[in-house]
Amino acid sequence: MRMDIKKITDQNDAGLLAKNPADISQDSFITRNLNKLSLLIYRKFLKKRQLPGAENVRACLSALYDTRNLKEVEENYYVNKISVVLLVLIAGGFLALMLHFSTIHDTNVEDGNAIRRKSPGQGEHKIELTAKNSEGEMLGNFDVTVDEQRYSVKEAQALFEKASKELGPAILGDNKGLDEVTTNLNLVKKLEGYPFEIFWRSEDYELIAYDGEIALENIPKEGVSTSVTATFKYDDSSWQQVINITLMPRELTAEEKARKNIEKLIQKADMDSRYDEEIVLPESYEEDEITWSERKEDDSLILLLLMWIAGFACFSLKDKELGKKAQKRKEELLKDYPQLVSQLVLYLGAGMTVRNIFSRLADEYVRKRDSGMAPGYMQEELLRMVRALRAGQSEAKAYEEFGQRCQCQEYTRLCTLLSQNLRKGNGEILCLLQEESKKAFNSRMDAARKRGEEAGTKLLLPMILMLLIVMIIIMIPAYLTF
């Protein structure tokens, strides 16, 4: 069984008519098995069903390819479509699976509870972690910022002269205002765009910790007023700003309490290992073992879904591509029709028969095509008709099939005139063809005029944009002179 559709390339029938490619045995192993699976799917599930747009597909295939093997051509077309869909689905599944395993195995947590720091100068990095107890129950998700490995005091002193510091305050966090603070403050350490180091001091560390954490359990019901002091340092200079804050109480849930205590353990572990290569995360909480794993977004299912959608979209787009080919064929046939009729009129006036005219035109086309001229749809159909005549087919039958294959009203009318001339011996065939030639050229001029109008419409928007640009170029200098 042949599994694809492509244009003829051999010497006998080169051009635009359909021909099946090489056997599956000559394809690669993957292509061969993919085509076999596609053929099985088509024959089992699709062949006996009326697929959407099947009639339009069949009409396009009959116009583009050999109608004597239409069923085989249609089967090859659908098998080709299914192969493309399967290829996209398989590739999508493979990519989604690779993304999934990459998400699982690519982790920054080593030995279950260790996070490697970046080397000095590479900056801090943030990790999303998930904590579970020994029974597998979720203790919470944690966004942990792992600072870079610190230099010693001597190294920091040497590097301080070379580095400019950028710091930025944004202390409100999720609070609406400083007069009603219920969640942790964001006491930033750097101010972007300024060479300051910012150090914070709380008026009461039992209410606000050094990192801006609010001790909600110590806030009375009516609230309490306090302040934090920001010290901006640069070289030997420093500036201070006192910020008044009103803290309001909020009841902590059991989950928030556990989260808060675990965050304290993480901060303590960070402080205790500032000069080490790794930060060792807490192994237990309230006599319950904690297992750590990095929390990452697994987008493999989204990728798989998108690839499946793309695969099924390919199935529909193949029909549109086939329709465009059929439309292009029709346009080229109509474009070449006036030339064909004018040649018939010219040679008939010279005394040649219609059959000899077609043979002459076909032979000239073969010579030009062998010399490198691009094949044409009308010329290929004409060549096919001449070969049928030379094989012994009657002229009437050959003309009829020629008109049917072209599937254009103009060619059908021409073939009807030629068939009537054979049956009735119409002596006015030359006059009729001259009249047909005039109609054909008028139709071609109308089509050219229509395409010109469409091109003018498409150029309207670029012309408007160019006009606006010219107006801006003229008006801006004139405005600036006033």
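The values are calculated or read from the model by the stated rules, or taken from the named source; none is laboratory data. Quantities reported herein were computed from a predicted structural model and do not represent experimental measurements. Ideal geometry is used to build each Cβ from the backbone, glycine not excepted, and the neighbour counts take in all protein chains shown. Areas reflect the complete protein model, heavy atoms only, side chains present, ligands, DNA and RNA absent. Shrake-Rupley method; radii C 1.70, N 1.55, O 1.52, S 1.80 Å.
I need the shape label for the stretch 333-411. Rule: rounded when a/c is under 1.5, else prolate if a/b > b/c, else oblate, with a, b, c from the alpha carbon gyration tensor.
Cα axes put the stretch 333-411 in the rounded bin.
What number comes out for accessible area per residue over the stretch 335-482 if the probe is 1.4 Å? Units Å², please.
On a per-residue basis, the stretch 335-482 sits at 63 Å².
Provide the packing ranking of 217-228, 460-471, i.e. peptides ordered by the mean count of other C-beta atoms within 10 Å per residue, highest first.
For the peptides 217-228, 460-471, the packing ranking is 217-228, 460-471.
Name the shape class, rounded, prolate or oblate, that the alpha-carbon gyration tensor gives for the stretch 304-361, where a ≥ b ≥ c are the square roots of its eigenvalues, rounded holds for a/c under 1.5, and otherwise prolate holds if a/b is larger than b/c and oblate otherwise.
Judged from the Cα gyration tensor, the stretch 304-361 comes out prolate (a/c at least 1.5, a/b above b/c).
I need the peptides 275-287, 257-269 ranked by packing, meaning the mean over residues of other C-beta atoms within 10 angstrom, with the highest value on top.
257-269, 275-287
Given a 1.4 Å probe and heavy atoms of the protein chains only, how would you sort Thr145, Thr229, Thr481, largest accessible area at the top?
Result, largest first: Thr481, Thr145, Thr229.
To the nearest 10 square angstrom, what accessible area does Asp319 show with a 1.4 Å probe?
Answer for Asp319: close to 40 Å² accessible.
Cα gyration tensor of the stretch 381-421, axes a ≥ b ≥ c as square roots of the eigenvalues: rounded (a/c below 1.5), prolate (a/b > b/c) or oblate?
It comes out oblate by the Cα gyration axes.
Of the cross-linked pairs Lys71/Lys328; Lys221/Lys296; Lys71/Lys330; Lys36/Lys368, which ones have a Cα-Cα span greater than 31 Å in the structure shown?
Checking Cα-Cα distances, Lys221/Lys296; Lys36/Lys368 exceed 31 Å.
Could you rank Cys431, Cys314 by how accessible they are, 1.4 Å probe, largest area first?
Listed by decreasing accessible area, they come as Cys431, Cys314.
Within the stretch 248-376, what whole-number % of the accessible surface is contributed by carbon and sulfur, with the 1.4 Å probe and all protein chains included in the calculation?
Carbon with sulfur: 54 percent of the solvent-accessible area.
Taking all protein chains in place and a 1.4 Å probe, what share, in percent, of the accessible surface of the stretch 435-482 do carbon and sulfur account for?
Carbon-and-sulfur percentage of accessible area, whole number: 75.
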